[in-house]
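Peer 1: Below you'll find the structure I mean.
The values are calculated or read from the model by the stated rules, or taken from the named source; none is laboratory data. Remember, it's a predicted structure, so these values are computed and weren't measured experimentally. Every residue, glycine as well, gets a Cβ built from its backbone with ideal geometry; the counts of neighbours run over all protein chains shown.
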Amino acid sequence: MEPIPQNGHKGLIYLNNAATSWPKPPGVIAEVKKSLQNPYFEQGRTTAGGAIDYPVAARTALAGFFCAEKPDHIIFTQNATDSLNLLIHGFTRNAPAPFHTITTELEHNSVLRPLHALEMDGAITLTTVPCTDNRVSLTTIKEALRADTRLVVMTHGSNVLGSVQDIKSIAEYLRANDIFFIVDGAQTAGHIPIDLSHMPVDAFIFTGHKALFGIPGIGGFYLSDPAAIAITKQGGTGSDSASLRHPRDMPTRFEAGTHNYPGIASLYAGVRFIEGISLAAIERKGRELTASFIRALKKTDTIHIYNESPDLPIVSFNIDGLDNHETGFILARAYQVITRTGLHCAPLVHQRIDGGNGCVRASLSWFTTPDECQVAAEAIREVAKECA
Ligand SMILES: Cc1ncc(COP(=O)(O)O)c(C=O)c1O
């Protein structure tokens, strides 16, 4: 599909924030610009002073934001996918193979594909547990446990159903049973409070370009025990350079090469933006707008909604008798309403909810207005009526 004419974005209703948030806050754009207008500055790598050391500033901001004890245990990567690959492969390399791993049918391919590759290589055996009422419970995880289960990888928030999992109780149980727990927070970070001081996960993943309002190409994770993950990337760190052995200390242990400086600057500004508004206000607005959007869609009974009470501002639906791609195309072309269609890189959840055919997803952000929601809902209802 060709890009739709932008007309300076006039009239465009962007409901694809679960993929990548837009617009970005002016402060984020300004910080990226500032990071490029000044010389790159990072302790140990450059001698220039004066500008902000964005990696240090962003690590401190993110540690505060996630209530994480040690800022140096925040590692920057390209995105959630890069984080998941680094952690899943790094853990597997350190653990006795083959060991049993549990994941869920809510997962994104950034979890499913690395695990599938390891299963095919014979490094792990894998159980994929189902969800009930759009969620995966501790009971379901417990039922799948085996004596050789070493790893559980699961999403905090589903990118299709907008459901938040009870990570705290699962984390407490797995910690007590010495099972490593990797949580994919790509959809929750920036939408709901995340308190790692009360949620004992081993690794928590975030991405910059969604609800944290950063630019694409930056993400990361928090890791409590660095020794659990094998080092799979080596290179320059600006430290201990006479040694051919990659440094073991955090954060350089997992960060080789030059940082994505503008990306890290955007993440720093994104977190500050959220804190300026308050996460509570963001969460409240998201819930209210999403509920009113769902109420409006429910007035037309040929619109089938898969998640009538989401925790996150994500609404997934299909119009009876109309292919989801066609619906998305009509909404974009005729109404300038931008949604996302298809499988949303989460194939297993679609087998459960829509026969594996995919659906239309409308996802909101702090910048979505009540008016936009009503106009978009009217547009969807009009399309549905024309197809009836
Ligand atoms: C739940 C979930 N995990 C992981 C990802 C991958 O994120 P990224 O594109 O930043 O790697 C996404 C992106 O859509 C997602 O929704």
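Peer 1: With respect to residue 141, is the statement that it is part of a helix (DSSP H, G or I), more than 16 Å from the ligand (Cβ to nearest atom) and in contact (Cβ under 8 Å) with a residue 24 or more places away in the chain true? So that I can check it myself, show each step before the final result.
Peer 2: On the way: part of a helix (DSSP H, G or I): yes; more than 16 Å from the ligand (Cβ to nearest atom): yes; in contact (Cβ under 8 Å) with a residue 24 or more places away in the chain: yes.
Yes: the conditions hold for residue 141.
Peer 1: Taking region 275-306, which residues are surrounded by 22 or more Cβ atoms within 10 Å (Cβ to Cβ) and either out of contact with any helix residue (DSSP H, G or I) (no Cβ under 9 Å at 6 or more places or on another chain) or over 30 Å from residue 381 (Cβ atoms) (or both)?
Peer 2: 286
Peer 1: Oh, and also: Those residues that are surrounded by 17 or more Cβ atoms within 10 Å (Cβ to Cβ), within 22 Å of residue 370 (Cα to Cα) and in contact (Cβ under 8 Å) with a residue 40 or more places away in the chain, I need them from region 328-344; list them, please.
Peer 2: 330, 331, 332, 335, 336, 337, 338, 339, 340 - these are the residues of region 328-344 that are surrounded by 17 or more Cβ atoms within 10 Å (Cβ to Cβ), within 22 Å of residue 370 (Cα to Cα) and in contact (Cβ under 8 Å) with a residue 40 or more places away in the chain.
Peer 1: Any residue at all in region 287-300 that is touching a residue at least 60 places away in the same chain (Cβ under 8 Å), within 16 Å of the ligand (Cβ to nearest atom) and in the same structural domain as residue 17 (by TED's automatic domain parsing)?
Peer 2: No.
Peer 1: Out of all the residues in region 11-28, which are under 16 Å from the mean Cα position of the chain (by Cα) and away from the ligand (no atom under 16 Å from the Cβ)?
Peer 2: none
Peer 1: Could you figure out which of (1) in the same structural domain as residue 211 (by TED's automatic domain parsing); (2) within 16 Å of the ligand (Cβ to nearest atom) isn't true of residue 251?
Peer 2: (2)
Peer 1: Starting from residues that are within 16 Å of the ligand (Cβ to nearest atom) and out of contact with any strand residue (DSSP E or B) (no Cβ under 7 Å at 6 or more places or on another chain), keep the ones in region 59-106 and report whichever is farthest from residue 275 (Cα to Cα).
Peer 2: 89
Peer 1: When region 329-351 is examined, which residues are found to be away from the ligand (no atom under 16 Å from the Cβ), within 24 Å of the chain's Cα centre (by Cα) and assigned to a helix (DSSP H, G or I)?
Peer 2: Selection gives 351 alone.
Peer 1: Within region 107-138, take every residue that is in a loop (DSSP other than H, G, I, E, B) and within 16 Å of the ligand (Cβ to nearest atom) and give me the one that is nearest to residue 308 (Cα to Cα). Steps first, answer last, please.
Peer 2: We begin by selecting, within region 107-138, every residue in a loop (DSSP other than H, G, I, E, B); these are 107-108, 121-123, 130-131, 133-134, 136-137.
So of that shortlist, the ones also within 16 Å of the ligand (Cβ to nearest atom) come out as 107-108, 131, 134, 136.
Values: 107: 20, 108: 21, 131: 16, 134: 10, 136: 17 Å.
The selected residue is 134.
Peer 1: Just give me the residues in region 159-173 being away from the ligand (no atom under 12 Å from the Cβ) and in contact with a helix residue (DSSP H, G or I) (Cβ under 8 Å, 6 or more places away or on another chain), in sequence order.
Peer 2: 166, 169, 170, 173, listed by residue number.
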